[in-house]
Structures are given as C-alpha cells and as structure tokens.
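Undergrad: Pasting a structure below so you can have a look.
The values are calculated or read from the model by the stated rules, or taken from the named source; none is laboratory data. Quick caveat: nothing in here was measured; it's all calculated off a predicted structure. When we count neighbours, we look across all protein chains shown, and the Cβ atoms used for this are built from the backbone with ideal geometry, even at glycine.
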Amino acid sequence: MHVCLSSGFAGTERSTTETCNAHAGEHDVALVIRRGHRGPSGASIVDFLDPRVKVYEVGNWFAGRGLRRAVADFRPEIVHAHLRRATRLLARLAPDCATVATLHLRVNGPQFLQMDGLILIAAWQRADLAGYRGRVFEIPNSLVPHAPPAPAEIARLREECGAKPADFLVGGVGRLVQSKGFDTLIRAFLEASPPGAHLVVVGDGSQKAKLEALAGDRVTFTGFRRNAKDYYPCFDLFVCPSRSEPMGRVILEALDAGTPVLATAAQGPSEILAKYPGTLVPIDDVPAMADALRRLVAARPPRQRPDLRPHEVGNVAREILAAYEELVAARRSAGLR
C-alpha cells in the first residue's frame, strides 16, 4: 500500500505512479490519496495509474481515520509513505505491518525516523540520518524510457513553443514555484539575449503570472502538458534552474531524449551530472547562467543519449521490491506480522 496525500501531478506523484504500476502486474497494490487530489491544472495521480491498482480516497483534513480504515480493509504487508504528511499519519497509525518512506525531499520531520525503512533517492540525503536505526536503501528515481515523437510532431510542437525552424530552442519543464528557479532562467535568458534563440517553459504553478510579467516576447509558456516528455526532443538545450532539487527527474528525462543539459548545482543535479554529460552553474547566479547560455547556444552541442539503465523503471522497481521483502522479513524474524 502506498500513501500519497499531495495534489496535482509532479515528480513525487510520477515516481509513486511508476512504482505502483510496475508492481501491479504481479502483486496486489493499493494507493491512498486525498479527495482533493487534482491540482489547479486539473491533473491528478489517478490519471496515470494502472487500473489494477486499488485506490482509496480519504478526507482532505481528517485523513488519519480514512487511512486507518484503508489499512484495515486492504491488510497490506507493507505501507509506503510519500512526503511529510503521509509519513506523519503513518507514524501515528503505527500499523501492524512494515513501514517505509521515500525521501523525495529530505528528513523534514521526526516521523521519517519512525519508519522501519527509508528509501533515499540521492546519496546526499544520508547526511540527515544521524541516529536513525532503521534500514536504509539508496534507490534512484525511476525513468520510463520515452520514444520521441515523429519528426512532423516535433516540428508542430516546436512551432507551438514559439520557435521558428532554424531557432535554437531552450526549454524548461516543471512546477512554476519559487524553489524551481524559473525567474533565474528567464532573467539569464533575457540578459544573454542569444541570437536566434527562443525560450519555452512547460508547466504551471503559483508563480506563472509573475513569471509571465517578467518574461519578454522571446519566452513562451505552454502551461501544464500531460505529454511533457514529448517536448524534450524538441529542445536544443534543456535547463533546470532549481534553487532546491533533491534528485532532478526532469534532467533524467532530458538525457533520455538526448537533449544537452544546463542545470544549477543543487544537490540532485550535481550528483546526476557527475555521472552524465551536462553543464552546471551556481544556484541563483544570473550572470553565470547567462554566460553558459551564450556559450551553449553558440556551440550548439550535439544530442547524445547516455546509458540510463540504473534509472529505468523495471530495474528501480526490482530494487524497491527487494527493499520491501527485506523489511517484511525483518518484522517476521522479530516475531511481528
């Protein structure tokens, strides 16, 4: 049983969905969500879920009682929490089964340290685990390899992004919130003013109006797109300008498309681009990002697809299942369910 009480569909929800779907073919899988699971754009985790996954909806405010009823009905061998609220409620419930949480962000509450196990998506997260006595599993974010659209569809999407056929298209994908740093990207792009280049931002969020006011006519905003992965092959350069980024799923998706990457040196991007090709600049450094944009647009780096098999969803799902089995076996060896 997974518990994810957020709304909308971003990186955490995609990761949860991919794990549920990967295991649903051979195991009974359930997902507990809140009734208000749709975000402002209308997107929801349920839109991407395998129909074999059993879904329980709980109240937006009194979710603890609903979670208790769901656990009693489904009787899971293990409950897997995602993000702080789900982990806090699971710690309070203390079910008669194994518990685990994924650190999609960091240890931002004592409830994480009450889980039988923790799944880290990046090595830097180990620094938060002083005194933790549970089992720790370092398992990267999953990636579902994505076939690029046909050339005609790529041409259509580039036109939708505001790019002429010969333009160098710079793209960003993500939630339009402060932590994702799209204001830094827009300021840097306007400062660099690279000739023959256009910037597109794919996504939605609370800062959209503010970012639109900041941007010039060389920046296009598409809003939320369910087919966001189709846009990466359209970009000549992908930029991840985050102020905080635990892992950087969008970077993996860009690399999967063969798209050159520019990112800020947040924790996750720094780890990813230590292993895979890309360019790092300091966080919130507009001049440094502007300089990198000028250089990369002028150089027009070639597309290349690195070996991303450690992140492929089938391999990640097997690692997660092995972690579940270890946690369940540990409880049983201790005389617990």
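Undergrad: Of the residues that make up region 235-244, is at least one charged (D, E, K, R) and free of Cβ contacts under 8 Å to residues at least 40 places away in the same chain? If you could, list the steps in order and put the result at the bottom.
TA: Step one: of region 235-244, the residues charged (D, E, K, R) are 236, 243.
Cutting the leftovers down to free of Cβ contacts under 8 Å to residues at least 40 places away in the same chain gives us none.
No.
Undergrad: Conditions: (1) over 17 Å from residue 141 (Cα atoms); (2) part of a helix (DSSP H, G or I); (3) under 20 Å from the mean Cα position of the chain (by Cα). Residue 273 meets all but one. Number of the miss?
TA: Only one criterion is unmet by residue 273, namely (1).
Undergrad: In addition: Could you please find all residues in region 309-327 being surrounded by fewer than 17 Cβ atoms within 10 Å (Cβ to Cβ), touching a strand residue (DSSP E or B) at 6+ places or on another chain (Cβ under 9 Å) and among the aliphatic types (A, V, I, L, M)?
TA: Within region 309-327, just 322 meets the criteria.
Undergrad: For region 295-307, which positions are out of contact with any Phe, Trp or Tyr (no Cβ under 6 Å at 6 or more places or on another chain) and surrounded by 17 or more Cβ atoms within 10 Å (Cβ to Cβ)?
TA: We begin by selecting, within region 295-307, every residue out of contact with any Phe, Trp or Tyr (no Cβ under 6 Å at 6 or more places or on another chain); these are 295-296, 298-305, 307.
296, 301 - these are the residues of region 295-307 that are out of contact with any Phe, Trp or Tyr (no Cβ under 6 Å at 6 or more places or on another chain) and surrounded by 17 or more Cβ atoms within 10 Å (Cβ to Cβ).
Undergrad: Also, quick follow-up: Can you tell me how many residues in region 261-277 are farther than 15 Å from residue 105 by Cα and surrounded by 22 or more Cβ atoms within 10 Å (Cβ to Cβ)?
TA: Counting residues in region 261-277 that are farther than 15 Å from residue 105 by Cα and surrounded by 22 or more Cβ atoms within 10 Å (Cβ to Cβ) gives 5.
Undergrad: Report whether or not residue 3 is part of a strand (DSSP E or B), free of Cβ contacts under 8 Å to residues at least 60 places away in the same chain and over 27 Å from residue 223 (Cα atoms). It would help to see each step written out before you state the result.
TA: Numbers: part of a strand (DSSP E or B): yes; free of Cβ contacts under 8 Å to residues at least 60 places away in the same chain: no; over 27 Å from residue 223 (Cα atoms): yes.
When the stated conditions are applied, residue 3 does not pass them.
Undergrad: Between residues in region 260-280 that are aromatic (Phe, Trp, Tyr) and residues that are surrounded by fewer than 20 Cβ atoms within 10 Å (Cβ to Cβ), which pairs lie under 7 Å by C-beta distance while being six or more apart or on different chains?
TA: 276/306
Undergrad: Name, by its number, the condition in (1) more than 16 Å from the chain's Cα centre (by Cα); (2) under 25 Å from residue 226 (Cβ atoms); (3) touching a residue at least 24 places away in the same chain (Cβ under 8 Å) that does not hold for residue 51.
TA: Single failed check for residue 51: (3).
Undergrad: Could you run through region 278-305 and say how many residues are in contact with a Leu (Cβ under 8 Å, 6 or more places away or on another chain) and either at pLDDT below 95 or in a helix (DSSP H, G or I) (or both)? Full working, then the answer.
TA: Quick first cut of region 278-305, residues in contact with a Leu (Cβ under 8 Å, 6 or more places away or on another chain) only: 278-281, 289, 292-293, 296-297, 301, 305.
Adding the requirement that they be either at pLDDT below 95 or in a helix (DSSP H, G or I) (or both) leaves 289, 292-293, 296-297, 305.
Total meeting the criteria: 6.
Undergrad: When you scan region 122-129, do you find a residue that is in the same structural domain as residue 298 (by TED's automatic domain parsing), touching a helix residue (DSSP H, G or I) at 6+ places or on another chain (Cβ under 8 Å), touching a residue at least 12 places away in the same chain (Cβ under 8 Å) and not in a helix (DSSP H, G or I), even just one? Talk me through it step by step, then tell me what you get.
TA: Restricting attention to region 122-129, the residues satisfying the condition of being in the same structural domain as residue 298 (by TED's automatic domain parsing) are none.
No - not one qualifying residue is present in region 122-129.
Undergrad: Turning to a different aspect of this structure: Starting from residues that are of a type in the set (A, V, I, L, M) and at positive phi, keep the ones in region 58-102 and report whichever is surrounded by the fewest Cβ atoms within 10 Å (Cβ to Cβ). Spell out how you get there, then give the answer.
TA: Of the residues in region 58-102, the ones of a type in the set (A, V, I, L, M) are 58, 63, 67, 70-72, 78-79, 81, 83, 86, 89-91, 93-94, 98, 100-101.
Of the ones still in play, those that are also at positive phi are 83, 94.
Working: 83: 20, 94: 9.
Among residues in region 58-102 that are of a type in the set (A, V, I, L, M) and at positive phi, the one surrounded by the fewest Cβ atoms within 10 Å (Cβ to Cβ) is 94.
Undergrad: Right, next: Given the condition more than 30 Å from residue 79 (Cβ to Cβ) and not β-branched (Val, Ile, Thr), answer yes or no: does some residue in region 320-337 qualify?
TA: no
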